[in-house]
1. Using Cα pairs under 8 angstrom and six or more residues apart, how large is the relative contact order of the chain, in percent?
2. Pull out a ≥ b ≥ c, the square roots of the eigenvalues of the alpha-carbon gyration tensor of segment 113-188, then state rounded if a/c is under 1.5, prolate if not and a/b is larger than b/c, and oblate in the remaining case.
3. Let's test the formula: R0 of 60 Å, r as the Cβ-Cβ distance of Glu456 and Ala225. What FRET efficiency results, to the nearest 0.05?
4. Obtain the nm distance between the two label points defined at Ser346 and Val397 by a simple spin-label model: each point lies 7 Å from its Cα along the Cα-to-C-beta direction.
5. Compute the length gained on full extension between Leu99 and Ala424: take 0.36 nm times their separation in residues and subtract their Cα-Cα distance, giving the result in nm to one decimal.
6. If you keep only loop residues by DSSP, which trypsin sites (Lys or Arg not before Pro) in segment 246-288 have at most 15 other Cβ atoms within 10 Å of their Cβ?
7. Suppose a student asked you for the relative contact order of segment 1-122, using Cα pairs under 8 Å spaced at least 6 residues apart; what percent would you report?
8. Report the label-to-label distance for Thr476 and Gln272 in nanometres (one decimal), using points 7 Å from each Cα along the Cα→Cβ vector.
Amino acid sequence: MAKIVVVTGGVVSSLGKGIAAASLGLLLKARGLRVTIQKLDPYLNIDPGTMSPFQHGEVFVTDDGAETDLDLGHYERFIHASVTRSHNVTAGQIYDSILSRERRGDYLGRTVQVIPHVTDEIKRRIHSLSLMTEADVHIVEIGGTVGDIESLPFLEAVRQLKLELRRDVIFVHVTLVPFIKAAGEVKTKPTQHSVKELREIGIQADILLCRSEAPLDSDVREKIALFCNVPTEAVISATDVKSIYEVPGVFHDGGLDELVVQMLGLPSRDVQPPDLAAWSAFVRRVTHPGRQCEIAIVGKYTHVRDAYKSVIEALIHAGAANDARVHLRWVESTDVEQQGAAALLSDVDGICVPGGFGERGVEGKIATVQFAREKSIPYFGLCLGMQVATIEFARHVVGWADANSSEFDPSSEHKVIDLLADQAGVTDKGGTMRLGAYKCALREGSLAARAYGQPEVEERHRHRYELNNKYAQQLTSRGLVLSGKCVGRELVEIVELPDHPWFLAVQFHPELKSRPQDPHPLFRDFVRASLERRRARLGDDVFDATNETSIERAEA
Ligand code: GLN
């Protein structure tokens, strides 16, 4: 039976609960334990797939095709293992299954209630993931902030778990200890209130992870300990850091993993001191790079960095693999439409057009691709970025001026990107795209095959539209290389241009599989090509610490 660590958050949202859960997972795994992490989201959507990126940020897709919360991306990156559909439970899913059972008559004669029916279903999903993963430690992160009405059934369910499993369950609460300028000191009251709020619903926090600008003094920790009813060593500073990848180190230094192991009574013969050598080496490459380059991300959600979470992280991993800091320049594709690509993109080293939906800004993305292609700037297209690359090629190289995707112009004569028959009849919006992992066969000798170093790969998808095979022959005859094909289905997955320093675009989302310990080969080679352009353009690519820009801010 797995031991359970419940992670909750208090005071304000965006305290980095997901990173905290992922970091604890990493530390426990580094001690030789089998770890799994599950996210419970209190909202009523079945999954975040139908929410706007402005609202929810990135939708993280798992191998088994679930559309999930972006925190699952952190889990995969930190614990270096793949999660599944069962790792993200929403209130919507819970109610959906209970209400279907009610209609079937499973509760005949009874009143269906939050307690026990909803709470039982929540506990059932926690237990079933423990069993499925055979984890030693099962970390359960509860979305939202303590005090939200919505999260109450989830908190009640884990309160019951504690009652049932006693020493096998502990509560870690992530909270904020703000520095108040006017008073010249940090304030512990918000933390006290939020721990009290938990206590009112029957949960006593065991460990507090206190987000603060600077490490907390011992008297502050003692005060928090006293008022929150925890031992002083359980008040751990979660000091602000530049890179999220430094968080496991901060927690380890604060004694978190040791404390969790002790509190859960994990026999010391089972747990080694954590082996953090490889992780620390990676963090060092992130924080102390030798080189640098600047890559433009041209999209339409560029002021909501969470919308591109995995793309940002994949570029950080690829940077580390090349001993480089990748600076990001965020460019709104509608600005490209108004100001022209040359004005915004002439002095970057690489250009990436990531995934997206809807017509707004698409012409700016097509102009971006044309600029990258004609000016020999390394180009990496992700999903929509592959579709616009195909449209651009069809318009300006093949000469079909009206070429488009039926998503943007259903009346185009040359729909080089189109819905296939199996998507054409779909009316439901939720969970109906091409989702999850598909095998892709690579063309021998292509840029893609050389990057991956293997003939077949598996990548995750989230899209409706595909390259229209009707035009494949004409596109290739003019020089577009179709270097990746779906195994078992006639679908183009990768396009590239041979007469260009580095031009490659994929129908899938490689960013979802990049990990610190295993940077994605396409991102790695894209960054390498961008570094080469920088050196050719400026004569050197040496890292300049005075030129620190967006990537740190993107992570904050
Ligand atoms: N809108 C495009 C499609 O549905 C691309 C989707 C994406 O970039 N994820 O096919």
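The values are calculated or read from the model by the stated rules, or taken from the named source; none is laboratory data. Because the structure is predicted, anything quoted here is derived from the model rather than measured. So basically every Cβ, Gly included, is an ideal-geometry build from the backbone, and we count neighbours across all protein chains shown. Remember, those area values only see protein heavy atoms, side chains included, never the ligands or the DNA or RNA. Shrake-Rupley method; radii C 1.70, N 1.55, O 1.52, S 1.80 Å.
1. For the chain, the relative contact order is 16 percent.
2. Verdict is prolate for segment 113-188.
3. My answer for the efficiency is 0.65.
4. Going by the 7 Å Cα→Cβ label model, 2.6 nm.
5. Answer, rounded to one decimal: 114.0 nm.
6. Of the trypsin sites (Lys or Arg not before Pro), the ones in loops of segment 246-288 whose Cβ has at most 15 other Cβ atoms within 10 Å are Arg269.
7. 24
8. Result: 4.9 nm between the two label points.
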